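Engineer: Pasting a structure here, questions to come.
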Amino acid sequence: MTTTPAQPAHTHTSTPYALEHPARMSWAQLAPEVYKAMLRLDAAARKGLDPLLLELVKVRASQLNRCALCLDMHSKDALAAGESVERIIQLSAWDESRHFYTEKEIAAIELTEAITVLTDGFVPGDVYTRAVEHFEEAELAQLIAAITVINAWNRFGVATRQVPGHYTPGDLKH
């Protein structure tokens, strides 16, 4: 793994950036069957879901889990799919920026937060009810699967300190 910083394209200062940390391990190479199974699970979970909605969900879960690699990847994938910079930026404060999102997107974001942060041990009934109002049952099942899968990816990313900044949209689809 490289130790040079991933420089932003818009550098406007001569101040040097901090050095990039190395990943703890290349878990995908060390557990290739698990990685391949995750890729298959990810592909299955995304079926039937709107690609932009899916990226919003993946970015929000990754924000909550502080997975820098997945934030890098899914922000770039969302932009490449046509998402606006403004909506991606506002996602971390979506509750105060609701007017940037549709009611269906808000229901998906709320469900993402409820599934990602299980501090109460369950998804609150009102959050689930709002999701049911906006998603057909099969689509809701796919959404729950997609949220679960991005949370698994996030855990691999943060546990092994995967390094952000080197992803190009379309390299991987998770």
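The values are calculated or read from the model by the stated rules, or taken from the named source; none is laboratory data. Quick caveat: nothing in here was measured; it's all calculated off a predicted structure. Cβ: placed from backbone, ideal geometry, glycine included. Neighbour counts: every protein chain shown. Calculation scope for accessible area: heavy atoms of the full protein, side chains included, ligands and nucleic acids excluded. Shrake-Rupley method; radii C 1.70, N 1.55, O 1.52, S 1.80 Å.
Engineer: If you place +1 on the Cβ of every Lys and Arg and -1 on the Cβ of every Asp and Glu, how big does the dipole about the Cα centre of region 68-174 come out, in debye to the nearest 20?
Structural biologist: Details: 8 positive and 17 negative charges, 104 e Å.
Around 500 debye, computed over region 68-174.
Engineer: Continuing with this model, one more query. Given the Cα atoms of region 24-65, and with Rh set as the inverse mean 1/r over their pairs in the Kirkwood sense, what is Rg to Rh to two decimals?
Structural biologist: The Rg/Rh ratio comes out at 1.07.
Engineer: Could I ask something else about it? Which residues make up the longest stretch of the chain that has no chymotrypsin sites (Phe, Trp or Tyr not before Pro) in a DSSP loop with at most 13 other Cβ atoms within 10 Å? Can you show the working numbers first?
Structural biologist: Numbers: sites that count: 17, 122.
In short, 18-121.
Engineer: Next up: Could you please report the charge total around residue 27, scoring K, R as +1 and D, E as -1 over all other residues with beta-carbon less than 11 angstrom from its beta-carbon? If you can, show how the numbers build up before the last one.
Structural biologist: Numbers: positive: 24, 155, 161; negative: none.
Net local charge, residue 27 excluded: +3.
Engineer: Quick check: net charge around residue 113, other residues with Cβ under 10 Å of its Cβ, Lys/Arg +1 and Asp/Glu -1?
Structural biologist: Details: positive: 60; negative: 95, 110.
Value of the local net charge: -1.
Engineer: Relative contact order, percent, of the chain when contacts are C-alpha pairs under 8 Å separated by at least 6 residues? Walk me through the numbers on the way to the answer.
Structural biologist: Values: 193 pairs, mean separation 62.8, N = 174.
Relative CO of the chain lands at 36 percent.
Engineer: What does the accessible area per residue of region 7-160 come to in Å², with a 1.4 Å probe and no ligands, DNA or RNA counted? Mind dumping the intermediate values first?
Structural biologist: Values: 8420 Å² over 154 residues.
Normalised by residue count, the accessible surface of region 7-160 is 55 Å².
Engineer: Once you sort the root eigenvalues of the Cα gyration tensor of region 101-174 as a ≥ b ≥ c, which label holds: rounded (a/c under 1.5), prolate (a/b larger than b/c) or oblate (the other case)? Intermediate results must be reported in sequence, preceding the final value.
Structural biologist: On the way: a/c = 2.50, a/b = 1.64, b/c = 1.52.
Here region 101-174 falls in the prolate category.
Engineer: Do any trypsin sites (Lys or Arg not before Pro) in region 44-111 lie in a loop, going by DSSP, with at most 12 other beta-carbon atoms within 10 Å of their beta carbon, and if so which? Each step should come with its number before you reach the end.
Structural biologist: On the way: sites: 46, 47, 58, 60, 66, 76, 87, 98, 104; in loops: 47, 66.
Within region 44-111, the qualifying trypsin sites (Lys or Arg not before Pro) (loop, at most 12 other Cβ atoms within 10 Å) are 47, 66.
Engineer: Give the shape of region 35-160 as rounded, prolate or oblate, defined through the alpha-carbon gyration tensor: a ≥ b ≥ c are the square roots of its eigenvalues, a/c under 1.5 means rounded, and otherwise the shape is prolate if a/b is larger than b/c and oblate if not. Write out the running numbers ahead of the final one.
Structural biologist: Working: a/c = 1.29, a/b = 1.10, b/c = 1.17.
In terms of gyration-tensor shape, rounded.
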